[in-house]
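The values are calculated or read from the model by the stated rules, or taken from the named source; none is laboratory data. Since the model is a prediction, treat every value here as computed from it, not as a measurement. Neighbour counts are summed over all protein chains in view; Cβ atoms, including those assigned to glycine, are modelled from backbone coordinates with ideal geometry. Please note that ligands, DNA and RNA were not included when accessible areas were found on the heavy atoms of the full protein model with its side chains. Shrake-Rupley method; radii C 1.70, N 1.55, O 1.52, S 1.80 Å.
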Amino acid sequence: MRILKAKDYLEMSRKAANLIAAQVIMKPDCVLGLATGSTPIGLYQQLIQGYQQGDLDFSQVRTANLDEYKGLTRENDQSYYYFMHQNLFKSINVKEENTNIPDGTVADSAAECARYDEVIRALGGVDLQLLGLGHNGHIGFNEPADSFAKGTHCVDLTESTIEANKRFFASADDVPRQAYTMGIQTIMGARKILVVVNGEAKADIVQKAFFGPVTPQVPASILQFHPDVTLVGDEAALSKIN
Ligand code: F6R
């Protein structure tokens, strides 16, 4: 595992965006696995700048997002579809038909999960998967559990995730209780993984996930077994590792 330390959020965002930019330049039709949440917003801004300056061309890039709330429509401003369009897609030249996100409006979980796994398979797998890290060690919506989940599946969100995400909703009651997420096996199948973390609140879980025992109780700990992981964090998030 490579660890890149940045002095602050902006530098973390620049370093992470550079790695994604390198991927896009080296393989213009690459498949980028993308994440939502607050951590990647700065790096998406950097990618938009790279596009506006003429350094990056996303016209052949394909994308596959990690997850989506079940029950939210694309128009809902808390859906991950909406997030990706607001924070990245509408400002770069990626083609709409080349972007993929689980469809939260499909009620039949088994059908939607099978469809999404097939989408990723048909894309030829993910070249570079971007991940944020939940305070409880979740990646995507793979929550602490007794075993590592495999393919795309529908999860019941834990209280701690509902609590962490309620800041985006009018109240905790409005946070959807379920979500579709790529599974651990799908994530581990990516050829490269890029994890971004910032802030002191992530310091403990960074230490546990990357230097503690590998256990489904800390889903991100499985990344210790992946052959090509880069962790980019600011000083605060990396403060508990040597
Ligand atoms: C988002 C996702 C989540 C977040 C994680 C960290 O698509 O899959 O696992 O990456 O909850 O969120 P932030 O960046 O808001 O701390």
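Report the charge-dipole magnitude of the chain in Debye, nearest 20, computed about the Cα centre from +1 at each Lys and Arg Cβ and -1 at each Asp and Glu Cβ.
Rounded to the nearest 20 debye, it is 700 debye.
Among all helices in the chain defined by DSSP H, which have a length of 15 Å or more along the axis from Cα atoms plus a Kyte-Doolittle mean of at least 0.5?
Helices passing the filter in the chain: 9-26.
Normalised by the empirical 2.2 N^0.38 Å for globular proteins, what value does the Cα Rg of region 2-234 take?
0.94
Students often get this wrong, so check it: of Lys27/Lys166; Lys27/Lys208; Lys7/Lys27; Lys7/Lys70, which have C-alpha atoms separated by over 31 Å?
Lys27/Lys166; Lys27/Lys208; Lys7/Lys70
With a 1.4 Å probe and every protein chain left in place, work out the accessible area per residue of region 2-234 in Å², rounded to a whole number.
On the way: 10180 Å² over 233 residues.
For region 2-234, the solvent-accessible area averages 44 Å² per residue.
Whose amide H sits under 5 Å from the amide H of Ile3, counting only residues 5 or more places off or on another chain, with H placed in the peptide plane?
For Ile3, whose amide H was placed from the backbone, the distant partners under 5 Å are Leu231.
Which Cα, out of Thr73, Thr215, Ala236, lies furthest along the positive dipole direction of the chain (beta carbon charges, K/R +1, D/E -1)?
Going by the Cα projections, it comes out as Ala236.
Distances over 15 Å make up what percent of all Cα-Cα pairs in region 52-92?
Cα-Cα pairs of region 52-92 separated by over 15 Å account for 49 percent.
Whenever you get a sec, compute what percent of the accessible area on region 1-139 sits on carbon and sulfur atoms (1.4 Å probe).
Accessible surface attributable to carbon and sulfur in region 1-139 totals 50 percent.
For the residue pair Glu96 and Gln185, what label-to-label distance in nm results when each label sits 7 Å from Cα along the Cα-to-beta-carbon direction?
For Glu96 paired with Gln185, the spin-label model returns 3.4 nm.
Give the span of region 1-98's Cα atoms along each principal axis, as three whole-Å numbers ordered largest to smallest.
Ordered largest first, region 1-98 gives principal extents of 37, 29, 26 Å.
Between Ile3 and Lys27, take the C-beta separation as r, use R0 = 35 Å, and let me know the FRET efficiency to the nearest 0.05.
The computed FRET efficiency comes out at 0.90.
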